[in-house]
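Reviewing the structure listed below.
Any read-out appearing in this document is the output of simple, stated calculations on the displayed coordinates, not a laboratory observation. Here the structure is a predicted model, which is why all the values come from computation and not from measurement. Neighbour counts run over all protein chains shown; Cβ positions are idealised from the backbone, glycine included.
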Amino acid sequence: MRWRLTCISDTHAGSLVGLAPRGGIPHPDGVTISTSPTSEWLWTHYEAMLEREADEAKSADRHALVFVGDIMDGLMHHGTTELYHPDASVERWISEQVVKTAVDALAPTDLFVILGTPSHVGKNASSEEGVGKMLAAVYPGIFRRPNEHRYGWGVLRMELDGLLVDIRHHGKLGQLPHTRESYQKRYAFDVWSSQAMYQDGVPAQLAIRAHRHKFADSGPVPPHKTLTRLISLPCWQLSTEWARSMAFEEAPDIGMVGLEVRDGRIADVLPQIVYPTLEAQTWRP
């Protein structure tokens, strides 16, 4: 059997530097809020990447689409004012357009929501649970819930034709460009050993993490070994005021990741990434 797994994370809907559709955003009072140039730039790449991912998924027998947390930016994150509007209904509308655009473009057979960071998605993931409830109502035949009480997954362990996959929003990442690759391999071993140390523990063969807004891949595992391959996901938000204050030297990676699983093995990994140029302008006399 051939599976396609598409992972989209950290869309941060509601942020002026996050994803938002073209043509403006409706406010309950009847006015239209203009879409920022940054959001329009992101949306152009979003549509283009969804189109390519849909084409890649055509040959799959089944296709799982996973939103890996922080769908929305939240109204309380570090006191930010970089929002389209402090009205929660505006953020909710943008969030719904973001996820529905992806679902309609990709037409998956299975749809999941992973719960993100409380400061973005609310205590107990209340905002993200709301989006999950909407998706369950609009796409009842494909939306997968962990149980009858929740719509989103804190940890999603899924078996795709024999391949055990572990997906969570929060993960670690090397912060220095020249050490990130080696750190990703160390972190992959940490995931593997942490899951193997318990009695009857079965480590995932593939682990997917997000939250850090950078793409990284520990790389293929040789067939004679049983280690975990670890992939960290890119995002859909440029640097915020808070991120700049944390002195991150690099811009975030923009994009999504698609994987092909064939006969229980990872056959292909397709990261679609846009690397923004330096966000500061150069002054010249």
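Taking the fewest neighbouring Cβ atoms within 10 Å as the starting point, the ordered list for TRP236, TRP283, TRP153 is TRP283, TRP153, TRP236. Picking from GLN205, GLY18, GLY30, whose Cα lies most toward the positive end of the charge dipole for the chain (charges on Cβ: Lys, Arg +1; Asp, Glu -1)? With unit charges placed on the Cβ atoms, the residue in question is GLN205.
The Stokes-Einstein estimate for the range 151-261, based on a Kirkwood radius over Cα pairs and taken at 10 °C with 1.306 mPa s viscosity, is a diffusion coefficient of 105 µm²/s. The share of C-alpha pairs in the range 1-105 whose separation exceeds 19 Å stands at 45 percent. Each stretch of four or more DSSP H residues adds -39500 (n - 2.57); spread over every residue of the chain, this sum gives -8500 deg cm²/dmol at 222 nm.
Other residues within the sphere of radius under 14 Å centred on the Cβ of ALA57, judged by their own Cβ, net out at -3 (K and R +1, D and E -1). Angle of helix 88-106 to the longest C-alpha principal axis of the chain, folded into 0 to 90 degrees and rounded to 10: 50°. Full extension of the chain between MET197 and HIS27 yields a length gain of 56.0 nm, computed as 0.36 nm times the residue separation minus the alpha carbon distance.
Between THR101 and ASP55, the modelled labels are 1.9 nm apart [label points 7 Å from Cα along Cα→Cβ]. Which angle from 0 to 90°, rounded to the nearest 10, does the C-alpha axis of helix 37-56 make with the longest principal axis of the chain? The angle comes out near 30 degrees.
Taking the C-alpha atoms only, the angle from helix 126-138 to the longest principal axis of the chain is near 80 degrees. With R₀ set to 45 Å, the beta-carbon distance separating LYS123 from ARG284 gives a calculated FRET efficiency near 0.40. Ranked by how many other Cβ atoms sit within 10 Å of their own Cβ, fewest first, the residues TYR198, TYR275, TYR151 fall in the order TYR198, TYR275, TYR151. Applying a DSSP loop filter and a limit of 15 other Cβ atoms within 10 Å to the trypsin sites (Lys or Arg not before Pro) in the range 157-245 leaves LYS225. Residues within the reach of a label modelled at THR81 (point 7 angstrom out along Cα to beta-carbon, backbone nitrogen below 16 Å), restricted to the range 1-33, are 16-17. Compactness of the range 190-245 was expressed as the Cα radius of gyration divided by 2.2 N^0.38 Å, which yields 1.49.
Gain on full extension, evaluated as 0.36 nm per residue between SER89 and GLU47 minus their Cα-Cα distance, stands at 12.8 nm. The modelled label-to-label distance between THR109 and GLU241, using points 7 Å beyond Cα along the C-beta direction, is 4.8 nm. Subtracting the Cα-Cα distance of HIS224 and ARG157 from their residue separation scaled by 0.36 nm leaves 21.8 nm. Name the residue farthest towards the positive end of the dipole of the chain from the options PRO271, PRO222, THR117, assuming +1 on Cβ of Lys and Arg, -1 on Cβ of Asp and Glu, about the Cα centre. Ranked along the dipole, the leading option is PRO222. Taking label positions 7 Å along the Cα-Cβ direction at both ARG145 and TYR275, the computed distance is 4.4 nm, reported to one decimal.
In the chain, the DSSP beta bridges split such that about 55 percent are antiparallel, to the nearest 5.
Entry note, the chain: relative contact order of 21 percent, from Cα contacts under 8 Å with a spacing of 6+ residues.
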